[in-house]
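Down below is the structure, laid out as structure tokens.
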Amino acid sequence: MGEQTSSVAEAALAALVHLKEDIEGALLDTAEGINEYRIRHLSRKQGQITALLKRIPDVAPEDRKRFGLEINAAKDRVEARIEEATAAITGAGTASAASVDLTLPGRTQAQGSLHPITQARRLITRVFENYGFDVAEGPEIEDDWHNFSALNFPPDHPARDMQDTFFIEEPGTEHDGILLRTHTSPVQIRIMEEAMKEGEPPIRVIVPGRVYRNEAISYKSYCLFHQVEGLYVDEGVTMADLKQILHAFARTMFGEDVRMRFRPSFFPFTEPSAEVDIWWKDEDLPGGGRWMEILGCGMVDPNVLEGVGIDSEKYTGYAFGMGIERIAMLRYGIEDIRTLYENDVRFLEQFS
Ligand code: DAH
């Protein structure tokens, strides 16, 4: 053997060392990178491993066996690295420790939530829908007729002052009082007027919506809030029907064992009228709780029915109206109504 031959053998051994460096050192973090790596090493035509196998005859006979074994080991390493890297980029199987840091916190997606008023409104609406009520809406800008007169509030009657009204046009002017509705009850009138154009009762509807009052703002009152109005007019509707539906509602809203009471009250558009309270358990209070008013209700006053052309000898009806904020505050334990209008995400995200 001459010098020529031994330098050829050295070159083959050096190529093997170089190959091992590339096998371990190559960065395999993309699919293209992995593919190039596969071709570079394993391809039959251009692969470095194939090329090295062809150089076995150059190596001194006593080194050939070890040379061959090392090439095979290198080939196994290439295959293992390809498998590992593929698993890491596709996220499947055991990820390689080099590419995934398991101590990093996970990536979370911020989740939105429905406003508590929306949640309470949907819940209330769903309960009455289950009892066969339709859902309707009415305008927030009303006239004096629908908001007051048709509901049996006589002109200059003090009951009008109970509802501090935002007037857009003062009463007595050309349009005789355009205002922001102070309650959802005017929609009762609109619905009955509409129904009488098409025929007769029965009418069975609930009306969720926003209302406005010019009141001093405090923890318990705000210049706008939401109500749900209910109206049922048919032959033979009685106060017992009203009590039954409201009791069923309270059980769904506040639990099967809810205690409720009807307290006589006054509204111009209902006769008799009542307010409904539920017993709110609170161990911190003397007596273990207190009565909380949740709604007003009554039998639709015959004057109201006659005013929209419904025969009050033939038909009777009940009506009720409740504040959504009040119910949301009770259900979710909210103490200050203003927090419902501040849109502070730290407050709102508690209701997701
Ligand atoms: N509209 C009344 C209010 O805002 C609530 C109310 C009471 C509505 C009795 C009704 C009812 O339908 O029958 O104070």
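The values are calculated or read from the model by the stated rules, or taken from the named source; none is laboratory data. Keep in mind the model is a prediction, meaning the values are calculated, not measured. All Cβ positions, glycine included, derive from the backbone under ideal geometry; neighbour counts span all protein chains shown. Side chains included, ligands, DNA and RNA excluded: accessible areas come from the protein's heavy atoms. Shrake-Rupley method; radii C 1.70, N 1.55, O 1.52, S 1.80 Å.
Rundown of residues vs (1) open to solvent by less than 30 Å² (accessible area, probe 1.4 Å); (2) away from the ligand (no atom under 16 Å from the Cβ), yes/no style:
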position: Ile310; (1), (2): yes, no
position: Glu313; (1), (2): no, yes
position: Ala319; (1), (2): yes, no
position: Arg326; (1), (2): no, no
position: Glu349; (1), (2): no, yes
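Exactly one residue out of Arg44, Arg77 is modelled with pLDDT of 90 or more and either open to solvent by 80 Å² or more (accessible area, probe 1.4 Å) or within 30 Å of Ser352 (Cα to Cα) (or both): that is Arg77. Report yes if Leu13 is open to solvent by 50 Å² or more (accessible area, probe 1.4 Å) and not in a loop (DSSP other than H, G, I, E, B), otherwise no. Taking the combined requirement at face value, the residue satisfies it. Among the residues of segment 279-308, those identified as touching a residue at least 12 places away in the same chain (Cβ under 8 Å) and either farther than 26 Å from Val211 by Cα or more than 16 Å from the ligand (Cβ to nearest atom) (or both) are Trp279, Trp280, Trp291.
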